[in-house]
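First up is the structure itself, then whatever we jot down about it.
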Amino acid sequence: MDHADTTDATPTGDAPASGPLAGLRVLDCATLFAGPLAATLLGDYGAEVIKVEHPRRPDPSRGHGPSKDGVGLWWKLLGRNKRTITADLSTPDGREVLLRLAAEADVLIENFRPGTLERWSLGWEELSAVNPRLVLARVTGFGQRGPYARRPGFGTLAEAMSGFAAITGEPDGPPVLPPFGLADSIAALSTAYAVMTALAGRERTGRGQVVDMAIIEPILTVLGPQPLWYDQLGYVQPRTGNRSANNAPRNTYRTADGSWVAVSTSAQSVAERVMRLVGRPELVDEPWFATGAGRARHADVLDEAVGGWIARHTREEVLEAFEEAQAAVAPIYDVRDVMRDEQYRALGTITEVEDEELGTLRMQNVLFRLSETPGAIRWAGRPHGADTDAVLGELGYSAAEIDRMRRAGAL
(Lines give C-alpha, C1' and ligand atoms only; values in the text may rest on other atoms or scores of the structure.)
Protein backbone atom coordinates (compact mmCIF):
# COMPACT_ATOMS: atom_id res chain seq x y z
CA MET A 1 0.00 0.00 0.00
CA ASP A 2 1.40 3.40 -0.98
CA HIS A 3 1.93 5.85 1.87
CA ALA A 4 1.07 9.50 1.37
CA ASP A 5 4.04 11.83 1.01
CA THR A 6 3.99 14.05 4.08
CA THR A 7 7.00 16.17 3.16
CA ASP A 8 4.94 19.35 2.92
CA ALA A 9 2.47 18.43 5.64
CA THR A 10 2.33 19.80 9.16
CA PRO A 11 5.24 18.31 11.14
CA THR A 12 4.36 15.33 13.30
CA GLY A 13 6.07 13.23 15.91
CA ASP A 14 7.14 13.63 19.51
CA ALA A 15 8.21 17.27 19.38
CA PRO A 16 7.13 19.37 22.39
CA ALA A 17 4.00 21.44 22.02
CA SER A 18 4.85 24.59 20.09
CA GLY A 19 1.58 25.57 18.40
CA PRO A 20 -0.40 28.74 18.99
CA LEU A 21 -2.11 27.22 22.05
CA ALA A 22 1.10 26.09 23.74
CA GLY A 23 0.89 26.90 27.44
CA LEU A 24 -2.89 26.30 27.56
CA ARG A 25 -3.89 23.42 29.84
CA VAL A 26 -7.11 21.55 29.06
CA LEU A 27 -8.76 18.85 31.19
CA ASP A 28 -10.80 16.40 29.12
CA CYS A 29 -13.27 14.76 31.49
CA ALA A 30 -15.77 13.92 28.75
CA THR A 31 -16.50 10.61 27.01
CA LEU A 32 -17.34 9.44 23.52
CA PHE A 33 -17.20 12.11 20.88
CA ALA A 34 -18.32 15.74 21.12
CA GLY A 35 -16.42 16.80 24.24
CA PRO A 36 -13.32 14.67 23.64
CA LEU A 37 -13.05 15.76 20.00
CA ALA A 38 -13.19 19.41 21.06
CA ALA A 39 -10.24 18.71 23.37
CA THR A 40 -8.42 16.95 20.52
CA LEU A 41 -8.80 20.01 18.31
CA LEU A 42 -7.27 22.17 21.02
CA GLY A 43 -4.46 19.70 21.60
CA ASP A 44 -3.62 19.64 17.89
CA TYR A 45 -2.62 23.28 18.11
CA GLY A 46 -0.41 22.99 21.14
CA ALA A 47 -2.67 22.87 24.20
CA GLU A 48 -1.59 20.44 26.91
CA VAL A 49 -4.56 18.10 27.20
CA ILE A 50 -4.97 15.76 30.18
CA LYS A 51 -7.60 13.08 29.66
CA VAL A 52 -9.28 12.06 32.92
CA GLU A 53 -11.01 8.66 32.75
CA HIS A 54 -12.70 6.42 35.27
CA PRO A 55 -10.24 3.75 36.44
CA ARG A 56 -12.60 0.88 35.67
CA ARG A 57 -14.85 2.41 32.99
CA PRO A 58 -12.64 4.09 30.38
CA ASP A 59 -13.95 6.29 27.61
CA PRO A 60 -16.18 3.96 25.52
CA SER A 61 -14.58 5.32 22.35
CA ARG A 62 -11.62 3.06 23.15
CA GLY A 63 -13.84 0.13 22.21
CA HIS A 64 -15.83 1.67 19.37
CA GLY A 65 -15.34 0.34 15.87
CA PRO A 66 -12.57 -1.92 14.57
CA SER A 67 -9.48 -2.70 16.62
CA LYS A 68 -6.05 -4.14 15.89
CA ASP A 69 -4.27 -6.44 18.33
CA GLY A 70 -6.92 -5.52 20.88
CA VAL A 71 -6.23 -1.78 20.53
CA GLY A 72 -9.16 0.42 19.47
CA LEU A 73 -8.29 2.45 16.39
CA TRP A 74 -10.88 5.20 16.90
CA TRP A 75 -9.18 6.08 20.18
CA LYS A 76 -5.84 6.49 18.39
CA LEU A 77 -7.42 9.42 16.52
CA LEU A 78 -9.62 10.83 19.30
CA GLY A 79 -6.97 10.47 21.99
CA ARG A 80 -4.06 11.97 20.11
CA ASN A 81 -1.99 14.67 21.83
CA LYS A 82 -3.54 13.78 25.20
CA ARG A 83 -1.91 12.54 28.39
CA THR A 84 -4.17 9.98 30.03
CA ILE A 85 -4.84 9.57 33.74
CA THR A 86 -7.45 7.75 35.79
CA ALA A 87 -9.48 9.09 38.71
CA ASP A 88 -12.88 8.20 40.13
CA LEU A 89 -14.31 11.69 40.59
CA SER A 90 -17.10 10.40 42.84
CA THR A 91 -14.57 9.51 45.55
CA PRO A 92 -12.98 12.05 47.93
CA ASP A 93 -9.50 11.30 46.60
CA GLY A 94 -10.63 11.56 42.98
CA ARG A 95 -12.41 14.82 43.73
CA GLU A 96 -9.24 16.22 45.26
CA VAL A 97 -7.21 15.18 42.21
CA LEU A 98 -9.59 17.05 39.89
CA LEU A 99 -9.58 20.16 42.08
CA ARG A 100 -5.78 20.20 42.06
CA LEU A 101 -5.77 19.79 38.28
CA ALA A 102 -8.42 22.49 37.86
CA ALA A 103 -6.43 24.91 39.99
CA GLU A 104 -3.70 24.89 37.33
CA ALA A 105 -5.90 24.47 34.22
CA ASP A 106 -7.39 26.91 31.76
CA VAL A 107 -10.23 24.75 30.46
CA LEU A 108 -12.25 21.79 31.74
CA ILE A 109 -14.50 19.93 29.28
CA GLU A 110 -17.15 17.58 30.69
CA ASN A 111 -20.29 15.85 29.46
CA PHE A 112 -21.87 14.38 32.58
CA ARG A 113 -25.60 14.73 32.92
CA PRO A 114 -26.53 18.08 34.49
CA GLY A 115 -26.21 17.92 38.25
CA THR A 116 -23.61 15.14 38.34
CA LEU A 117 -20.60 17.34 39.06
CA GLU A 118 -22.65 19.22 41.62
CA ARG A 119 -23.52 15.94 43.34
CA TRP A 120 -19.78 15.26 43.67
CA SER A 121 -19.17 18.82 44.96
CA LEU A 122 -17.31 19.60 41.74
CA GLY A 123 -19.74 22.10 40.24
CA TRP A 124 -18.94 25.57 38.97
CA GLU A 125 -19.00 27.01 42.48
CA GLU A 126 -16.23 24.70 43.69
CA LEU A 127 -14.20 24.76 40.47
CA SER A 128 -14.23 28.54 40.11
CA ALA A 129 -13.33 28.89 43.78
CA VAL A 130 -10.02 27.11 43.21
CA ASN A 131 -9.47 28.85 39.87
CA PRO A 132 -11.51 31.94 38.97
CA ARG A 133 -9.91 31.98 35.49
CA LEU A 134 -11.13 28.49 34.58
CA VAL A 135 -13.41 28.00 31.57
CA LEU A 136 -15.84 25.11 32.16
CA ALA A 137 -17.29 23.68 28.94
CA ARG A 138 -20.37 21.57 29.59
CA VAL A 139 -21.31 19.48 26.55
CA THR A 140 -24.59 17.59 26.84
CA GLY A 141 -27.32 16.38 24.56
CA PHE A 142 -29.92 18.94 25.61
CA GLY A 143 -28.09 21.63 27.56
CA GLN A 144 -28.07 22.52 31.24
CA ARG A 145 -31.72 23.57 31.57
CA GLY A 146 -35.13 22.74 30.16
CA PRO A 147 -37.46 19.73 30.39
CA TYR A 148 -35.03 17.38 28.54
CA ALA A 149 -31.84 18.45 30.32
CA ARG A 150 -31.44 15.29 32.39
CA ARG A 151 -32.22 12.87 29.60
CA PRO A 152 -29.42 10.75 28.11
CA GLY A 153 -28.31 12.57 24.98
CA PHE A 154 -26.40 11.33 21.94
CA GLY A 155 -25.64 12.76 18.52
CA THR A 156 -28.20 10.48 16.91
CA LEU A 157 -30.96 12.17 18.88
CA ALA A 158 -29.72 15.56 17.72
CA GLU A 159 -29.69 14.40 14.11
CA ALA A 160 -33.31 13.35 14.57
CA MET A 161 -34.57 16.37 16.53
CA SER A 162 -32.76 19.07 14.56
CA GLY A 163 -34.57 18.32 11.31
CA PHE A 164 -31.51 16.81 9.64
CA ALA A 165 -33.01 13.32 9.29
CA ALA A 166 -36.33 14.73 8.11
CA ILE A 167 -34.73 16.33 5.03
CA THR A 168 -32.29 13.49 4.30
CA GLY A 169 -33.22 10.59 2.04
CA GLU A 170 -35.38 9.99 -0.99
CA PRO A 171 -38.78 11.72 -1.21
CA ASP A 172 -40.70 8.45 -0.95
CA GLY A 173 -38.34 6.85 1.58
CA PRO A 174 -37.86 7.08 5.33
CA PRO A 175 -35.83 9.76 7.11
CA VAL A 176 -32.14 8.87 7.00
CA LEU A 177 -29.57 9.12 9.79
CA PRO A 178 -25.87 9.60 8.98
CA PRO A 179 -23.60 6.54 9.44
CA PHE A 180 -21.12 8.55 11.51
CA GLY A 181 -21.10 11.05 14.39
CA LEU A 182 -22.27 14.10 12.45
CA ALA A 183 -24.01 16.04 15.25
CA ASP A 184 -21.25 15.16 17.72
CA SER A 185 -18.57 16.39 15.34
CA ILE A 186 -20.38 19.65 14.63
CA ALA A 187 -20.82 20.12 18.38
CA ALA A 188 -17.09 19.44 18.90
CA LEU A 189 -16.12 22.12 16.41
CA SER A 190 -18.58 24.49 18.05
CA THR A 191 -17.27 23.69 21.52
CA ALA A 192 -13.67 24.38 20.50
CA TYR A 193 -14.84 27.73 19.08
CA ALA A 194 -16.86 28.46 22.22
CA VAL A 195 -13.88 27.70 24.45
CA MET A 196 -11.63 30.03 22.48
CA THR A 197 -14.34 32.71 22.63
CA ALA A 198 -14.57 32.33 26.40
CA LEU A 199 -10.77 32.53 26.68
CA ALA A 200 -10.80 35.72 24.62
CA GLY A 201 -13.39 37.10 27.03
CA ARG A 202 -11.13 36.15 29.92
CA GLU A 203 -8.44 38.37 28.46
CA ARG A 204 -10.76 41.35 29.00
CA THR A 205 -12.42 40.40 32.28
CA GLY A 206 -9.79 38.29 34.00
CA ARG A 207 -12.41 35.66 34.83
CA GLY A 208 -13.48 32.37 33.33
CA GLN A 209 -17.06 31.33 32.66
CA VAL A 210 -19.31 28.38 31.83
CA VAL A 211 -19.90 27.25 28.26
CA ASP A 212 -23.29 25.51 27.92
CA MET A 213 -23.18 23.46 24.69
CA ALA A 214 -26.27 21.44 23.76
CA ILE A 215 -25.55 18.97 20.95
CA ILE A 216 -29.02 19.55 19.50
CA GLU A 217 -28.18 23.19 18.67
CA PRO A 218 -25.06 23.44 16.43
CA ILE A 219 -26.44 21.00 13.87
CA LEU A 220 -29.61 23.08 13.68
CA THR A 221 -27.46 26.11 12.88
CA VAL A 222 -25.67 24.42 9.97
CA LEU A 223 -28.99 23.27 8.47
CA GLY A 224 -29.53 26.83 7.31
CA PRO A 225 -32.61 29.06 7.29
CA GLN A 226 -35.28 26.41 7.89
CA PRO A 227 -36.75 28.14 10.96
CA LEU A 228 -36.78 31.45 9.08
CA TRP A 229 -38.49 29.88 6.08
CA TYR A 230 -41.12 28.33 8.33
CA ASP A 231 -41.59 31.52 10.35
CA GLN A 232 -42.08 33.77 7.35
CA LEU A 233 -43.60 31.41 4.76
CA GLY A 234 -44.85 28.35 6.60
CA TYR A 235 -42.48 26.38 4.36
CA VAL A 236 -41.26 22.96 5.54
CA GLN A 237 -38.31 21.65 3.57
CA PRO A 238 -39.05 18.17 2.15
CA ARG A 239 -36.74 15.26 1.42
CA THR A 240 -35.34 15.58 -2.08
CA GLY A 241 -32.73 12.83 -2.22
CA ASN A 242 -29.56 14.08 -3.89
CA ARG A 243 -31.43 16.89 -5.56
CA SER A 244 -31.66 20.45 -4.29
CA ALA A 245 -34.72 22.65 -4.10
CA ASN A 246 -32.48 25.63 -4.88
CA ASN A 247 -30.71 24.63 -8.09
CA ALA A 248 -30.33 21.92 -10.74
CA PRO A 249 -28.74 19.89 -12.12
CA ARG A 250 -27.45 18.71 -8.75
CA ASN A 251 -27.23 14.96 -8.29
CA THR A 252 -25.05 11.89 -8.43
CA TYR A 253 -24.66 10.20 -11.80
CA ARG A 254 -23.25 6.84 -12.87
CA THR A 255 -20.50 6.70 -15.47
CA ALA A 256 -20.01 4.18 -18.26
CA ASP A 257 -17.40 2.27 -16.23
CA GLY A 258 -19.65 1.92 -13.18
CA SER A 259 -18.26 4.77 -11.10
CA TRP A 260 -20.26 7.65 -9.64
CA VAL A 261 -19.73 11.38 -9.83
CA ALA A 262 -21.45 14.36 -8.18
CA VAL A 263 -22.39 17.50 -10.11
CA SER A 264 -23.22 20.88 -8.58
CA THR A 265 -24.49 23.97 -10.38
CA SER A 266 -25.06 26.48 -7.60
CA ALA A 267 -23.78 29.25 -9.90
CA GLN A 268 -25.78 30.17 -13.00
CA SER A 269 -22.67 30.31 -15.18
CA VAL A 270 -21.70 26.78 -14.15
CA ALA A 271 -25.18 25.46 -14.95
CA GLU A 272 -24.90 26.96 -18.42
CA ARG A 273 -21.48 25.40 -19.00
CA VAL A 274 -22.75 21.99 -17.96
CA MET A 275 -25.65 22.06 -20.39
CA ARG A 276 -23.41 23.13 -23.24
CA LEU A 277 -20.93 20.41 -22.32
CA VAL A 278 -23.56 17.65 -22.42
CA GLY A 279 -24.90 18.84 -25.79
CA ARG A 280 -28.12 20.51 -24.67
CA PRO A 281 -27.40 24.24 -25.12
CA GLU A 282 -31.02 24.95 -26.09
CA LEU A 283 -32.08 24.39 -22.49
CA VAL A 284 -30.06 27.43 -21.43
CA ASP A 285 -32.45 29.61 -23.44
CA GLU A 286 -35.54 28.35 -21.62
CA PRO A 287 -37.06 31.11 -19.42
CA TRP A 288 -37.07 28.80 -16.39
CA PHE A 289 -33.34 28.13 -16.71
CA ALA A 290 -32.46 31.67 -15.59
CA THR A 291 -32.91 30.93 -11.86
CA GLY A 292 -31.83 28.11 -9.58
CA ALA A 293 -35.39 27.59 -8.37
CA GLY A 294 -36.62 27.42 -11.95
CA ARG A 295 -34.02 24.83 -12.83
CA ALA A 296 -34.92 22.83 -9.72
CA ARG A 297 -38.55 22.65 -10.90
CA HIS A 298 -37.28 21.07 -14.13
CA ALA A 299 -34.79 18.72 -12.52
CA ASP A 300 -36.17 15.68 -14.37
CA VAL A 301 -35.29 17.23 -17.73
CA LEU A 302 -31.86 18.36 -16.60
CA ASP A 303 -31.01 15.09 -14.87
CA GLU A 304 -31.94 13.17 -17.99
CA ALA A 305 -29.66 15.35 -20.10
CA VAL A 306 -26.70 15.29 -17.72
CA GLY A 307 -27.14 11.69 -16.59
CA GLY A 308 -27.50 10.46 -20.15
CA TRP A 309 -24.26 12.12 -21.25
CA ILE A 310 -22.31 10.94 -18.20
CA ALA A 311 -23.56 7.39 -18.66
CA ARG A 312 -21.86 7.29 -22.08
CA HIS A 313 -18.42 8.26 -20.73
CA THR A 314 -15.93 6.81 -18.27
CA ARG A 315 -15.24 8.54 -15.00
CA GLU A 316 -11.89 9.81 -16.27
CA GLU A 317 -13.50 11.19 -19.42
CA VAL A 318 -16.20 12.92 -17.38
CA LEU A 319 -13.71 14.51 -15.00
CA GLU A 320 -11.46 15.72 -17.81
CA ALA A 321 -14.37 17.17 -19.81
CA PHE A 322 -15.84 18.98 -16.82
CA GLU A 323 -12.47 20.40 -15.85
CA GLU A 324 -11.88 21.67 -19.37
CA ALA A 325 -15.35 23.25 -19.38
CA GLN A 326 -14.75 24.78 -15.92
CA ALA A 327 -17.81 23.00 -14.59
CA ALA A 328 -18.09 21.61 -11.05
CA VAL A 329 -17.80 17.85 -10.66
CA ALA A 330 -16.25 15.45 -8.17
CA PRO A 331 -15.86 11.68 -8.06
CA ILE A 332 -17.72 9.81 -5.34
CA TYR A 333 -14.89 8.52 -3.15
CA ASP A 334 -14.63 5.86 -0.53
CA VAL A 335 -11.76 5.92 1.95
CA ARG A 336 -9.46 4.04 -0.43
CA ASP A 337 -9.76 6.86 -2.95
CA VAL A 338 -9.22 9.49 -0.27
CA MET A 339 -5.98 7.84 0.82
CA ARG A 340 -4.46 8.07 -2.68
CA ASP A 341 -6.00 11.29 -4.01
CA GLU A 342 -3.42 13.77 -5.29
CA GLN A 343 -5.19 16.84 -3.86
CA TYR A 344 -5.37 15.38 -0.37
CA ARG A 345 -1.73 14.33 -0.83
CA ALA A 346 -0.72 17.87 -1.78
CA LEU A 347 -2.47 19.28 1.30
CA GLY A 348 -0.99 16.65 3.61
CA THR A 349 -4.51 15.78 4.75
CA ILE A 350 -3.52 12.23 5.66
CA THR A 351 -0.33 12.04 7.69
CA GLU A 352 1.79 9.43 9.42
CA VAL A 353 2.11 9.14 13.19
CA GLU A 354 4.46 6.79 15.01
CA ASP A 355 2.71 4.87 17.80
CA GLU A 356 4.28 2.83 20.57
CA GLU A 357 1.57 0.16 20.38
CA LEU A 358 0.84 -0.20 16.66
CA GLY A 359 3.81 1.30 14.84
CA THR A 360 3.19 3.67 11.94
CA LEU A 361 -0.39 4.92 11.70
CA ARG A 362 -2.00 6.98 8.99
CA MET A 363 -4.77 9.33 10.07
CA GLN A 364 -6.27 12.75 9.36
CA ASN A 365 -3.85 15.60 9.89
CA VAL A 366 -4.66 18.71 11.94
CA LEU A 367 -7.78 20.51 10.80
CA PHE A 368 -6.25 23.58 9.16
CA ARG A 369 -2.88 25.00 8.20
CA LEU A 370 -1.35 28.05 9.89
CA SER A 371 1.57 29.75 8.16
CA GLU A 372 3.42 30.90 11.28
CA THR A 373 2.33 28.68 14.20
CA PRO A 374 1.23 25.32 12.76
CA GLY A 375 -0.38 22.56 14.74
CA ALA A 376 1.09 19.08 15.06
CA ILE A 377 0.24 15.53 16.04
CA ARG A 378 2.80 14.65 18.69
CA TRP A 379 1.43 11.19 19.50
CA ALA A 380 -1.64 9.04 18.95
CA GLY A 381 -4.08 8.00 21.67
CA ARG A 382 -2.22 6.52 24.63
CA PRO A 383 -3.17 3.52 26.79
CA HIS A 384 -5.73 3.93 29.56
CA GLY A 385 -4.15 5.72 32.51
CA ALA A 386 -0.67 5.67 31.02
CA ASP A 387 0.30 9.05 32.50
CA THR A 388 -1.43 8.85 35.89
CA ASP A 389 1.71 8.56 38.01
CA ALA A 390 3.56 11.27 36.09
CA VAL A 391 0.71 13.80 36.19
CA LEU A 392 -0.10 13.20 39.85
CA GLY A 393 3.58 13.46 40.68
CA GLU A 394 3.60 16.88 39.03
CA LEU A 395 0.67 17.84 41.28
CA GLY A 396 2.73 17.01 44.37
CA TYR A 397 1.45 13.54 45.17
CA SER A 398 4.07 11.12 46.50
CA ALA A 399 4.49 7.61 45.17
CA ALA A 400 3.07 6.27 48.44
CA GLU A 401 -0.05 8.46 48.14
CA ILE A 402 -0.58 7.39 44.55
CA ASP A 403 -0.25 3.74 45.54
CA ARG A 404 -2.71 4.19 48.41
CA MET A 405 -5.32 5.85 46.16
CA ARG A 406 -4.88 3.16 43.52
CA ARG A 407 -5.39 0.38 46.09
CA ALA A 408 -8.50 2.21 47.34
CA GLY A 409 -9.96 2.31 43.82
CA ALA A 410 -9.78 6.09 43.41
CA LEU A 411 -7.24 5.77 40.57
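The values are calculated or read from the model by the stated rules, or taken from the named source; none is laboratory data. Computed from a predicted model, the values in this text were never measured in an experiment. Every residue, glycine among them, receives a Cβ derived from its backbone with ideal geometry; neighbour counts consider all protein chains shown. Accessible surface areas use protein heavy atoms only, side chains included; no ligands, DNA or RNA. Shrake-Rupley method; radii C 1.70, N 1.55, O 1.52, S 1.80 Å.
Tabulated results
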quantity: Selection within region 118-138 - part of a strand (DSSP E or B) and either β-branched (Val, Ile, Thr) or surrounded by fewer than 18 Cβ atoms within 10 Å (Cβ to Cβ) (or both); calculated: 135
quantity: Candidate set: region 298-340, residues that are open to solvent by 50 Å² or more (accessible area, probe 1.4 Å) and not in a helix (DSSP H, G or I); chosen: the one farthest from residue 248 (Cα to Cα); calculated: 334
quantity: Single residue of region 244-260 satisfying the filter (at pLDDT 95 or above, open to solvent by 50 Å² or more (accessible area, probe 1.4 Å) and outside any strand (DSSP E or B)) that is nearest to residue 309 (Cα to Cα); calculated: 256
quantity: Of the criteria (1) closer than 26 Å to residue 25 by Cβ; (2) in a loop (DSSP other than H, G, I, E, B); (3) of a type in the set (Gly, Ala, Ser); (4) touching a helix residue (DSSP H, G or I) at 6+ places or on another chain (Cβ under 8 Å), which one residue 393 fails; calculated: (2)
quantity: Filter result (of a type in the set (Asp, Glu), more than 19 Å from residue 59 (Cα to Cα) and surrounded by 14 or more Cβ atoms within 10 Å (Cβ to Cβ)) within region 355-388; calculated: 355
quantity: Candidates 46, 115, 72, 143, filtered to the one that is out of contact with any helix residue (DSSP H, G or I) (no Cβ under 8 Å at 6 or more places or on another chain), at pLDDT 95 or above and within 28 Å of residue 357 (Cα to Cα); calculated: 46
quantity: Number of the exception - residue 400 against (1) under 28 Å from residue 86 (Cα atoms); (2) open to solvent by less than 20 Å² (accessible area, probe 1.4 Å); (3) assigned to a helix (DSSP H, G or I); (4) not β-branched (Val, Ile, Thr); calculated: (2)
quantity: Qualifying positions in region 66-99 - under 23 Å from residue 181 (Cβ atoms) and either in contact with a strand residue (DSSP E or B) (Cβ under 7 Å, 6 or more places away or on another chain) or of a type in the set (Lys, Arg) (or both); calculated: 68, 73, 76, 77, 79, 80, 81, 82, 84
quantity: Only one of 100, 83, 57 that is charged (D, E, K, R), in contact with an Asp or Glu (Cβ under 6 Å, 6 or more places away or on another chain) and either surrounded by fewer than 19 Cβ atoms within 10 Å (Cβ to Cβ) or in a strand (DSSP E or B) (or both); calculated: 83
quantity: Test: residue in region 199-209 that is charged (D, E, K, R), at pLDDT 95 or above, assigned to a loop (DSSP other than H, G, I, E, B) and more than 25 Å from the chain's Cα centre (by Cα); calculated: yes
quantity: Test: residue 271 is at pLDDT 95 or above, over 21 Å from residue 242 (Cα atoms) and open to solvent by less than 90 Å² (accessible area, probe 1.4 Å); calculated: no
quantity: Sole residue being of a type outside the set (Lys, Arg), at pLDDT below 95 and more than 20 Å from the chain's Cα centre (by Cα), chosen from 93, 88, 2; calculated: 2
quantity: Top-ranked residue of region 165-175 - restricted to ones that are open to solvent by 40 Å² or more (accessible area, probe 1.4 Å) and touching a residue at least 12 places away in the same chain (Cβ under 8 Å), ranked as nearest to residue 251 (Cα to Cα); calculated: 170
